[in-house]
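The next block holds one structure in the form of structure tokens; read it before the comments.
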Amino acid sequence: MPKVARELSATDVRNMNTPGYHAVGGVSGLYLQVTKNGGKTWILRAMVGSKRRDIGLGGFPTVPLTDARKKAREMRDMIARGVDPVVERKAAQDALKAAQEQFLTFEAAARRYHKIKAPEFKSEKHRQDWIKSLEMYAFPYVGERSVAEMTKKDVLEVLEPIWNEKTETATRVRQRMDLVFSWAIASDYRTADNPARWKDNLEHKLAKPSAITKVAHHRALPWKDVPAFVVDLRTRDGIGARALEFAILTAARSGEVRKATWDEINLEEKLWTLPEHRMKAGKQHKVPLSTAAIDILRSMPRTSDYVFPNTKGGPISDMTMSAVCRRMGVDAVPHGFRSSFKDWARHYTFRDSEGFPHRFDDEVSELALAHVNSDATRAAYARDELLPQRREMMNYWSEFLDAKEPNHRADNVVPFQ
């Protein structure tokens, strides 16, 4: 008969320091493994079918002797029933892991989505603002909740406190939550409907944003006052003044002008080509340059890759051009001159070679402003961006701005009958 191991006591186990495997008795095949550094682990050695298994039962003293014997007996019972404890344990661990992976918090889902979509953001500031809005307004309330189990009530918990007082911010938060839930559904982390969807959902629980606040438009000069402003502007020194004048002549956004680089400019072709990653619409944009705009470019020293650099060679700040407007005492901001240009394009009338009066088609001025918000402008983009027509229009705009008096073109405006 095989030798039966003497049953060790808890004190015996505590004092066992010799490296190796030591039978502790009480259950056949139960051993205490002592490592060279003094660590102690419970091992059950048993035949499972045709295989010999060394089954770990935990470490000592976390698992005391009595618990180790209890676990060993349970393992023996399983083996007697034809169950492989190792296979059973692995299956349970895999199931737990799968369940844990399937459980995804709203914050984790938002951060995963944000990381995936990061290359699509127009700027680093936009990328940071996107996630910061959720960090400030959503995560403190619902960040730790399961994205699979969240309901409309959870979304309203985030939105209702800020919907009336911070409507624009709340609208963005809702849109971003909507995107996170859409990603979770597409990624099989959620099977229920999107609780942040507006149509046929939150629109019945929250006031329409447009009914709460009106969009604050950028302050702009009346279009007939812009020539006098430009006359004054041309007497001002500094990079900011030249950048602002260039922005007015091109009807470009201030950010597009501030970050303009020399490799975007073709002086010979009188063309400024902005790459898609610098455009709000995400599409390459070509700007025909008038002679006045070219003169500004030729006057700028090439001390940096940027056309309008700061003292360190980087782009000027977004406040530099605004400061010019403030110093000149006008109630307008740089972006507002785009509105002035649009109003001019709507009202200005020119005569063709035969003397007939014409106005610029709306899609021509929309393309000049890089607006792609109608079927007409989309169709124009699909063709040639109406570049010849836009070049003609920008030359007329430049001539209009060369006035010595603000209303110098008033007698050339021909009203339609």
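Please treat every number below as a calculation from the coordinates, not as lab data. Quantities reported herein were computed from a predicted structural model and do not represent experimental measurements. Don't worry about glycine lacking a Cβ; one is built from the backbone with ideal geometry, like all the others, and counts go over all protein chains shown.
The table for this structure:
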{"quantity": "Efficiency of FRET from Cβ geometry, Thr235 and Leu267, R₀ 22 Å, rounded to 0.05", "calculated": "0.30"}
{"quantity": "Taking only Cα atoms of the stretch 165-209, radius of gyration then Dmax in Å", "calculated": "11.4, 35"}
{"quantity": "Ranked Leu179, Leu274, criterion: other C-beta atoms within 10 Å, fewest first", "calculated": "Leu179, Leu274"}
{"quantity": "Prolate/oblate/rounded label for the stretch 201-279 (Cα gyration tensor, a/c 1.5)", "calculated": "oblate"}
{"quantity": "Computed over the chain: relative contact order in percent, which uses C-alpha pairs under 8 Å that are six or more apart", "calculated": "11 percent"}
{"quantity": "Pair Lys166, Lys125: separation of 7 Å Cα→Cβ label points (nm)", "calculated": "1.9 nm"}
{"quantity": "Partners for Lys51 among aspartates and glutamates (Cα-Cα distance below 17 Å; same-chain residues under 8 apart left out)", "calculated": "Asp77, Asp84, Glu88"}
{"quantity": "All-pairs Cα distance distribution in the stretch 10-102, expressed in whole percent, bin size 10 Å", "calculated": "16, 43, 29, 12, 1"}
{"quantity": "Gap separating the Cα centres of the stretch 253-268 and the stretch 132-181, nearest whole Å", "calculated": "38 Å"}
{"quantity": "Alpha-carbon Rg/Rh ratio, for the chain, with Rh computed the Kirkwood way", "calculated": "1.29"}
{"quantity": "Residue order, fewest to most beta carbons within 10 Å, for Lys224, Lys312, Lys132", "calculated": "Lys312, Lys132, Lys224"}
{"quantity": "Spatially proximal lysines relative to Lys125 (Cα-Cα < 24 Å; intrachain offsets below 8 disregarded)", "calculated": "Lys115, Lys117, Lys166, Lys259, Lys280, Lys283, Lys312"}
{"quantity": "Separation in nanometres of the label points that stand 7 Å from Cα toward Cβ, at Ile116 and Lys90", "calculated": "3.1 nm"}
{"quantity": "Computed over the stretch 4-152: relative contact order in percent, which uses C-alpha pairs under 8 Å that are six or more apart", "calculated": "14 percent"}
{"quantity": "Sorted by Cβ density within 10 Å, fewest first, the residues Val63, Val87", "calculated": "Val87, Val63"}
{"quantity": "Full-extension gain in nm, Gln175 to Lys199, via 0.36 nm per residue minus C-alpha separation", "calculated": "7.5 nm"}
{"quantity": "log₁₀ of I(q)/I(0) at q = 0.15, 0.17, 0.19 Å⁻¹ - the stretch 223-412, Debye sum with one point per alpha carbon", "calculated": "-0.90, -1.17, -1.45"}
{"quantity": "Mean shadow area of the stretch 118-217, taken as a quarter of the surface of its Cα convex hull (nm²)", "calculated": "7.2 nm²"}
{"quantity": "Gain in span if fully extended, Arg346 to Ser50, counting 0.36 nm per residue against the direct Cα distance", "calculated": "97.6 nm"}
{"quantity": "Computed helical MRE - 222 nm, the chain, DSSP H runs ≥ 4 contributing -39500 (n - 2.57), nearest 500", "calculated": "-14000 deg cm²/dmol"}
{"quantity": "Inter-centroid distance (Cα atoms) of the stretch 37-93 relative to the stretch 313-358, Å", "calculated": "80 Å"}
